[in-house]
Amino acid sequence: MRDKDKRLSYVGIAASILLLASGLYGYFGVLAPLHQKVETVSSEIKQQQTFLEKMNKPLHESTPVLLENTYSLQEEVPVKPLVDQLILQFEKAETLSDSLIVTMDFSDSKISTTPKEETDDPLKKAGEILLDQTNSSDGKESSSPEALPEGVQKITVEMSVVSKNYEGLLKFLSTIKDLKRITVIEAIIFSSLDEIELSSPEVNHDQLQYEVTVAAYYLPELTVYLKDLPKGGFPAPDGKENPLINGDEEE
């Protein structure tokens with residue numbers, strides 16, 4: 001009798017353990033993942049509903065979004081012309097290429113597209129070929145400027161430059177093209193040396209004289225972002241009272 005009771009108790013304990021194990025497996029193996037999946041689907045439904053509400057909201061009711069910081073964007077297209085910074089960047093290109101900028105003429109105008117004129121001048125044709133090669137060196141096709149969005153204004157810089165050789169010319173153009181400020185080299189026109197310069201024994205026959213036209217852009221209507229305008233690094237004055245004379249002459 002006792003052996004029978006012991007067997008029954010063992011069977012009861014085993015059954016209890018089996019039921020407990022089945023219950024734990026059913027909860028953690030089936031119910032818990034199912035419950036978690038239901039929560040995930042419910043969260044996704046709420047996100048989709050929020051997205052649809054925003055999409056269906058009329059445009060005039062939406063509040064304009066202002067960027068917190070536009071400094072990096074304004075390094076490419078600022079809200080002011082920043083002509084002084086352009087001059088410093090062109091002087092940097094002048095130094096790196098061992099060239100000389102003889103003249104620099106700035107003009108400010110709204111964007112306008114003008115058709116390219118055909119020319120029979122071999123120097124102008126050479127400039128157009130070099131311009132196509134320069135603009136297509138980064139994989140982009142050379143084409144006439146496209147009309148830009150309303151509110152964009154363009155600064156045009158016409159420079160007369162002298163480079164010691166062809167490599168110096170390429171270095172000058174590539175330095176300008178690789179500036180953080182978005183610039184477009186619009187035209188290159190070569191000019192030949194005159195007879196007096198050619199007859200001089202000191203003349204460098206590899207020297208190149210050319211006119212280059214560069215365009216940069218800015219957004220004058222976005223005055224709300226003036227606080228993020230990039231600050232230029234300008235050389236400090238050397239203490240001269242008269243910057244037009246040397247220190248030795250001053251004494």
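At a glance:
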quantity	calculated
Which listed residue is among the charged types (D, E, K, R) and at pLDDT 75 or above, from Glu39, Glu53, Glu68	Glu39
Scan of region 146-183 for residues that are assigned to a helix (DSSP H, G or I) and not acidic (Asp, Glu), ordered by number	Tyr166, Gly168, Leu169, Leu170, Lys171, Phe172, Leu173, Ser174, Thr175, Ile176, Lys177
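The values are calculated or read from the model by the stated rules, or taken from the named source; none is laboratory data. On a predicted model such as this, the values are computed, not experimentally measured, just so you know.
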